[in-house]
Amino acid sequence: MNVFTKLTNLGVSKLVNEDTIKKVRIVNQISLFILTLSTFMLATAIVSDFPRIAIILFIPVTLIILLPLVLNNMGKTIASRIVLLCCTYGILFVQSIVYGPELHIHYFLIACVGAPLFLFNGEIGVFKWVLVFLMFPLWLYLEWHFIHKAPLIAIDPNSLYWPRMTNDLLLVAVILFMFYTFSEQSNKQIKNIEEQRLAIEILLKEIHHRVKNNLQVITSLLALQSMGIKEEKIKNLFSGLQNRVISMALSHEMLYQTDDLERIDYEAYIRKLVNGLISSMKEQENEIDVQLNINQIFLNIDTSIPLGLIINELVTNSLKYAFEDNKGIITITIKKLTDENFLMEIGDNGVGFTDVSKKGKKSSLGLTLVQKLTMQLRGTLKKDTSKKGTNYSITFQEIMPKS
């Protein structure tokens, strides 16, 4: 088995292209198969006392089949495939002369039609089709000759019976052996692919974990820096920055904690984000209820982070201005409209506030950020004045990463 494996891998170490490596292994295995078959044919021809011309025909096809192995070892992969096909045609031709054509028509069709199409892509151009049709005229002539004229080599039918029977049994055995080796190689490749996939998943989880840790370091630095600030306005700015960084870190945290490294369960994400904001900004005895309607919505990280920042800004505004007695409801609904388009309705039932932009002043940093992020998500932002409190309706698209 070790010798067979070494012969199968002749020339593989010099290649980097996976498709070429696969074809080199196939050529090597087919060459070994034909070598085994032709060697047996030569042995049975000698033992069964076939005419000398039959023995002479078997000798070259037995020796020349080693050439594809040599060519692969030299790195000449295309030449080895062409030589292999010619050797296959040669052994089929010899078989048809000695044993008759009726037993090998199906092998002939596989070799002449299937093999060139299987072994070559676009490397040899139209020559591939030349190889496909190369043997058909000769085969048609042999069929006509066996029907209308005497055999090319006269051999006693009684002498042919056991060689042909043994030859076919050997053929089946070799095919089964090749099928087994192909299966083993396929299983090994599948196992390698699975191991590579698991390694990539572990690497991605580690990346998300490190990004989350780095963002948490930033929030800690912002918290430490804000401790020495006495001016309430600047302190609030630092607190807002902390919450924005936390919302981004939360996306990476949820990605590495789940099996799906591409999409986030957005209901769980928003619940964790909003509850964290309430805990940090309101007293423990608050009676602020969060109502979510986000069933089976999963978004990738390119969409999750900007949308999370939008939610962070609007919920922060609600917690700051909407609830005078720490009582109220924050509602967030996300609906899928089409494959890429979504609708988010977010708001509160608090006292509401007047849009400062209507007074001729610039919008606050938070609302400006919301508008910019909505544009980034290719969406629209509308304030819903039909409901109590402050409510927004935002359409957005899932942003697919560029390949």
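Just a few scattered comments:
- Residue list for region 13-29, filter: in contact (Cβ under 8 Å) with a residue 60 or more places away in the chain and either buried (at least 17 other Cβ atoms within 10 Å of the Cβ) or in a helix (DSSP H, G or I) (or both): K14, D19, K23, R25, I26, V27, Q29
- Residue within region 331-340 that is buried (at least 21 other Cβ atoms within 10 Å of the Cβ), free of Cβ contacts under 8 Å to residues at least 60 places away in the same chain and either under 14 Å from Q291 (Cβ atoms) or of a type in the set (F, W, Y) (or both) present: no
- Sub-6 Å Cβ pairs linking a first residue in region 199-225 that is closer than 16 Å to G240 by Cβ and free of Cβ contacts under 8 Å to residues at least 40 places away in the same chain to a second residue that is surrounded by 14 or more Cβ atoms within 10 Å (Cβ to Cβ) and of a type in the set (S, T, Y), at least 6 apart or interchain, number zero.
- Scanning region 361-400 for residues that are crowded, with 19+ Cβ neighbours inside 10 Å and aromatic (F, W, Y) returns a single hit, F396.
- Single condition L131 does not satisfy, out of (1) part of a helix (DSSP H, G or I); (2) in contact with a helix residue (DSSP H, G or I) (Cβ under 6 Å, 6 or more places away or on another chain); (3) under 27 Å from P163 (Cα atoms); (4) modelled with pLDDT under 70: (3)
- Of everything in region 221-249 that is polar (S, T, N, Q) and within 25 Å of I264 (Cα to Cα), the residue that is surrounded by the most Cβ atoms within 10 Å (Cβ to Cβ) is S247.
- Meets criteria (touching a helix residue (DSSP H, G or I) at 6+ places or on another chain (Cβ under 9 Å), modelled with pLDDT of 80 or more and in a helix (DSSP H, G or I)) for L42: yes
- Inside region 369-382, residues that are closer than 18 Å to N312 by Cβ and in contact (Cβ under 8 Å) with a residue 12 or more places away in the chain make up a count of 8.
- Filter result for T219 (outside the structural domain of E398 (by TED's automatic domain parsing), among the β-branched types (V, I, T), under 16 Å from N300 (Cβ atoms) and under 38 Å from the mean Cα position of the chain (by Cα)): no
- Looking across region 298-355, the residues that are over 15 Å from V274 (Cβ atoms) and either of a type in the set (A, V, I, L, M, F, W, C) or touching a His at 6+ places or on another chain (Cβ under 9 Å) (or both) come down to F298, L299, I301, I305, L337, F342, L343, V351, F353.
- For region 280-307, a tally of residues being surrounded by 16 or more Cβ atoms within 10 Å (Cβ to Cβ) and part of a loop (DSSP other than H, G, I, E, B) returns 3.
- Yes/no for L319 being of a type outside the set (S, T, N, Q), closer than 21 Å to M400 by Cα and crowded, with 21+ Cβ neighbours inside 10 Å: no
- All positions within region 382-403 that are among the hydroxyl-bearing types (S, T, Y) and part of a strand (DSSP E or B): Y392, S393, T395
Listed here are the residues, each with its yes/no results for (1) touching a Lys or Arg at 6+ places or on another chain (Cβ under 8 Å); (2) of a type in the set (D, E); (3) surrounded by fewer than 21 Cβ atoms within 10 Å (Cβ to Cβ); (4) within 28 Å of T5 (Cβ to Cβ).
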residue	(1), (2), (3), (4)
F40	no, no, yes, yes
A45	no, no, no, no
D49	no, yes, yes, no
L57	no, no, no, no
I65	no, no, no, yes
L71	no, no, no, yes
A79	no, no, yes, yes
C87	no, no, no, yes
I91	no, no, no, yes
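The values are calculated or read from the model by the stated rules, or taken from the named source; none is laboratory data. As the structure is a prediction and not an experimental result, all values here were calculated from the model. Note that we place each Cβ from the backbone using ideal geometry, even for glycine, and neighbour counts take in every protein chain shown.
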